[in-house]
Structures are given as C-alpha cells and as structure tokens.
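Taking it in order: structure first as structure tokens, then the write-up.
The values are calculated or read from the model by the stated rules, or taken from the named source; none is laboratory data. Note that this is a predicted model, so its numbers are computed, not measured. In this analysis, Cβ positions are derived from the backbone assuming ideal geometry, glycine residues included, and neighbour counts consider all displayed protein chains. Each accessible area value is taken on the protein alone, full model and side chains, heavy atoms only, with ligands, DNA and RNA left out. Shrake-Rupley method; radii C 1.70, N 1.55, O 1.52, S 1.80 Å.
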Amino acid sequence: MKLSNHQVEVGVFVVLLGIMTLAGFAAARWRRPAGSIHNLEEWGVGGRAFGNWVTWFLLGGSMYSAYTFVAVPAYTYGIGAVGFFAIPFAIICAPIAYLFSCRIWSVSHARGYVTNAEFARDRYGSRTLGLFVALTGIVATVPYISVQLVSLQALFKTLGVQGDWPLLVALGLMSITTFRSGLRAPALLSIAKDVLLVWVVLSAVLVVAMSGGWGAAFDLSAARFKLTPSPADGLILGADGQLGYLTLIIGSALSIFAYPHALTAILAAKDRATIKRNTAALPIYALALALMAMLGFFAISEGVVPLGSNFAKGVTGDLNTITPELFHALFPAWSAGIAYAAIAVAALIPAAVMAISAANLFTRSIYREYIRPNASPREEANVSRWTSLLVKFGAAALLLLINPGFSTELQLLAGALVVQIIPAVFIGLISPWFHRWALIVGMLAGLGASLYMLYNTPQLSATGKVVVAHFGGSNWPLSKFGLDTHSTVYAGLLALVLNFAIVIVLTMVLRLFSLGVGADRTHPDDYYADADDPLLERLDDLLDGLPRQPHGAHERHEEPVAPHGYR
Amino acid sequence: MHWLLIIPIGMPLLVPLYNRIDPKIAGIPFFYWYQMATALVAIVVMTFLYQVTKDRD
C-alpha cells in the first residue's frame, strides 16, 4: 500500500507532536532541584535556574510564536511591506531588553517576585495599582493566547481536518504537561521546536533558491501589488504609510515589555550575565522571522492561494493558511509534516507560557493579596496550576465563540490594552517618581482611549468600502484630530501618550500638595542584585524592620509566607 | 559605553531613509535587506558591549 502525500504529512505531524507531548510530560523531572517543586518559584519561573541555552530557547519560543510565523507571511502576502514591521520591532526589543531586563530580574530575584504586578505594587506602595496591572495583564493575555490558537486552527484547516476537536485535543495535551511540569515543559519543548524551525527555514531558503530566487519572487509580487486598487500595499511603504509603520514598531516593542509572558522567560534565567548574553543574541530570531516574512512574496510568485479563496468572486479566503499551504505546495510531504509540527508547537509553547504568566498574576496579585493572604507556597502553585488551565480554555472558548474574521484583530486589541501598564512597570524600573494614584488614573484613561479608538476603527476594503464596522484595525487616522494628513498612528501608542500626559500632570499636582505619596518598598541595591550575591543576605539582615520577603528560588520551600506590611 | 545601543535602536526607526527599492542585493529590495542587516549590526554591537563591560559589573 502506498501512502498518499496527505497521509504522510498527517502521520509525520502526529508522531512528532506525540513525542513532544511525552517530552513535556517528562519535563517535570528535568533539572529538578533536591527539594519540592510544589511552589510558585519552581512551577512558575522554573526555579530561576535556566542557563544560557535554555533561556535563549525559551525567550525565542515565547516571543516568536506561531502567530508571527503564520500571520507575518500572511501579512506580507496580503499587503506587502507593512507586514515586515515585525522584524524592526523584534530587533529594537533586544537592545532595550539588554538595558533594562537585568534591573527587573535583579529586583524580582531579591524580592521574590514572579510577575510585574508585584513589582508595581511594591515600587509605588499600592495594592490597588498592583491589582489593576494584574487585571490588565490577564485581560490582554487571554486574547493573545486565542491568537496563537488561530494559527493552530489555520494549520488544521490546511491538513483538512474538520471541526474544533483537533484544536481542543492539542490544547488539552499541552495543558496537561504544563499542569504537571510548569515552565519546564514549554522550556524543554522550545528547544525541540527550534530544531524543527531551523529545519523549516533552511529548507524554505533552499526551495526559494532552487525555484527562481528572491529576485523573481519580488518582481512578481511588485507586479501583483500594482494591479490591486489599494494604495496601502506594495513592496515599499506608501507616503502615508511610513508614520503608521514607525508607530507600529514602537508600540509593539513597548507592548513586549508590558506583556507578562516575556517577563516570565526573563525571570527564569539564572543570573544577570545569562540575560545579557541572551538579549545580545536575540536578533538571530529576527533574521529567521525576516526570511519567513519574505516567504509571503514567494507564495505570491508561486501562485499559492489561501484556503477558501475565490479571487474571481473577490473572496480572499483565510490568509492565515498561506504559510501551511506554501509548505504543502512546495515541500516533500514528510518535510511539510515537520514544518506543520514546528508551527503547532510554536503555537502551543507561547500559549503555555502566557497561561502560566496570567495564572501567576492571578495567584500573586489577586489570590494572595485579596483572598488568602497566608496561602502556603504549595497552595500558590496549585492555584496557578488550575488558573492556567482556566485561562487556556477561556482563550479557546473566546476563539470558538467569536466570528472567525475577527480573530486577527484580537492581537491588536490585546497589544493596545497591555501597553497602558508601561508607565507603572517599565518607567518604574528607572524611577519611583510617578504617583500611585496618577498611575491608576492614567492607566484607566489609556485603556478607555484604546478601546474607544479601536472600536471606532472600521476595516475598509481595497475600494474604500466598510467591511467590518468595529475593531477593524489598529491604526488611527490623524485626520480625526483635524490634522490635514492621511497618515495614521498606532492607536495603542496614541492612548499611551494620553496616559503619560495624565500621569505626569497628576503626579506633579499630587506631589506639590504631598497627597498620598506611596512608599517605595524596594531598595536601590535590589536593582543590581545577582545570583549568589552575598549582599542579598546581608541586606535582609539590615532591613529587619521591613517585612521579610522570601527571595531566591531555593529559599522558600514549605515555610508559611509572612504577610506583607500593607494591612 | 551603553550609548552604543543607540545604533541598534535607531537604525530600524529611520523608516524614511530605508523605504526604497534600490539598491537590491540578490534580488532583495533595499527595504528588506537593510532591516535584516540591522539585526546583524544589533548582534555585533550588543556582543561587543557585553564583552567590554562584563568585568566591570
């Protein structure tokens, strides 16, 4: 009996995914410390013990998700140059992370934080601020997980599997491994994923080289973009598109420093040097992403069309199926199966890390803060376990309930929301000057402004007709402010400007009258603390008056946690 | 020394300067290979910075 290409693809895919699941399940035993793993430092941030290689893979695995590998080529396929924004965005993240990640790692290490909400709470002495940061983080993370599942859905569509069950099965398997192994599972899997990914990128480059090279791909794409009536597409940006591109880069880069999941990967590193070495090498992923993005043009030149498309009738179909369709058309079946497995794991890893981060936010800033202040470390880990399940299946439910055409906008919405916590969690790393009340008011105003602008952004067809009335894009036309221009600006960034303006003015007023200034509970030395730093223990003795926070991965096993000093 | 990071942060933001087709390399328009070159520059600058400053931290 000879297997059809399709059967080979599905077979390779299922076998690889099965192996990955077993590996994730076994990950609980991987690099396990002598003590118990039933606490949040172990489950939630891998015991803060990941070295160079693991950190590198985990960072890449959680930031460069399937969404980027599926949606970015879909973007360049659909509109050309604008879709490339993901590459400069990925690049500038690295130097910014190089500058600031060590500070958040050190203060979290010294104070035992696993989330940015705990940092905001202590830095500004406000539980309410911590609560708002945590809630915003959770609310933004759920749709971002849905976006990962969108890629998985597109993949199953290409494989020809009908219904929602494969998505739920894949998610279920990944959830069980995460439930058991915590952050160790996605960390181990991201190594396997990157091996597959290197394979995919190399074979893609080889295929391009063998079938006409990049020159032909770009020339044919240019010809097609010329035929479309839309002024927004093309191989370079239109005159009105440049400002939008620039603000999309800046806004997306900022949102990376606000999303809880990128921080989780940083906090899992074992010391400051590991973080610096890793951020220095991070742009290598941007190169891989650039090659994937250019595959969108290659798909155009090869005449690959998205599933369900009917260009004669003007139906675009599901653009997210472009990447899987391209592999299907150009790779040998077994190799396409490998590529599919890489995409599927690349969707499930960030989903797992994001669910862990959202769960940690809930446990540390809501559960321990407001519900059970004396929760034991074991109880914390268990609450996070169950919350992570809830978050993942909440994201799946969100995806299955909403209109599928709406799903790509989820990511824009999530980014525009989460970026509003930047004044608290990012500027807070540099200075505690901002006032806690000002931060809360500014954040609420920013969230409101983001929602308002995105709600009122329609999606236009190439001919300028309204296709979707609300949440149709993330760029806000400046002409709405009465400016005589066609330029647009990323809505999340505009709302952030408003947010900052309010925070700065209110802080000046409140500080002028010395109203309710919060106490900074972190110490300047915390921001330079390193692993095995003798200074850490000494500081704890010195600061006897302050509530003693557990610190370091191995410092808190089963002893009850002392309550904070806020109540 | 950390002022060097202005290079990898600034280069991708110069959109009007790199928003052009020519010169091409291996058929790839300037817009695309410039941004990929930026990634390489970023790696070099940060690795250099790390090597130079690691003993001082």
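Quick rundown of the values:
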| item | result |
| --- | --- |
| Considering residues of region A:147-191 that are part of a helix (DSSP H, G or I) and without any contact (Cβ under 8 Å) to a residue 24 or more places away in the chain only, the residue surrounded by the most Cβ atoms within 10 Å (Cβ to Cβ) | A:F156 |
| Helices (runs of 4 or more DSSP H) completely within chain B that count 1 or more residues being at positive phi and either open to solvent by less than 50 Å² (accessible area, probe 1.4 Å) or within 9 Å of chain A (Cβ to nearest Cβ) (or both) | none |
| Residues (open to solvent by 50 Å² or more (accessible area, probe 1.4 Å), hydrophobic (A, V, I, L, M, F, W, C) and at pLDDT 75 or above) located in region A:502-556 | A:I504, A:V505, A:L506, A:M508, A:V509, A:L512, A:F513, A:L515, A:V517, A:A519 |
| Of all residues in region A:194-242 being in a helix (DSSP H, G or I) and among the polar types (S, T, N, Q), the one that is farthest from the other protein chains (Cβ to nearest Cβ) | A:S203 |
| Single unsatisfied condition, A:I138 versus (1) over 14 Å from the mean Cα position of the chain (by Cα); (2) away from every other protein chain (no Cβ under 14 Å); (3) of a type outside the set (D, E); (4) under 26 Å from A:T247 (Cα atoms) | (1) |
| From the options A:F57, A:F84, A:F69, residue that is open to solvent by 10 Å² or more (accessible area, probe 1.4 Å) and either closer than 30 Å to B:M11 by Cβ or of a type in the set (F, W, Y) (or both) | A:F57 |
| Any hit, region A:255-274, residues being open to solvent by less than 20 Å² (accessible area, probe 1.4 Å), within 12 Å of chain B (Cβ to nearest Cβ) and farther than 20 Å from A:V198 by Cα | yes |
| A:S65 vs. criteria more than 14 Å from chain B (Cβ to nearest Cβ) and out of contact with any Gly (no Cβ under 9 Å at 6 or more places or on another chain) | yes |
| Search result, residues across region A:91-105 that are closer than 18 Å to A:R521 by Cα and crowded, with 23+ Cβ neighbours inside 10 Å | A:I104, A:W105 |
| Answer residue from region A:360-384, given it is in a loop (DSSP other than H, G, I, E, B) and surrounded by fewer than 19 Cβ atoms within 10 Å (Cβ to Cβ) and is farthest from the chain's Cα centre (by Cα) among those | A:N374 |
| Unmet criterion (only one of (1) over 17 Å from A:V114 (Cα atoms); (2) open to solvent by less than 40 Å² (accessible area, probe 1.4 Å)) for A:A232 | (2) |
| Filter result for A:G61 (farther than 17 Å from A:A293 by Cα and either within 15 Å of the chain's Cα centre (by Cα) or not aliphatic (A, V, I, L, M) (or both)) | yes |
| Meets criteria (under 18 Å from the mean Cα position of the chain (by Cα), aromatic (F, W, Y) and within 14 Å of chain B (Cβ to nearest Cβ)) for A:F84 | yes |
| Evaluation of A:V133 against (1) part of a helix (DSSP H, G or I); (2) in contact with a Gly (Cβ under 8 Å, 6 or more places away or on another chain) (one fails), failing number | (2) |
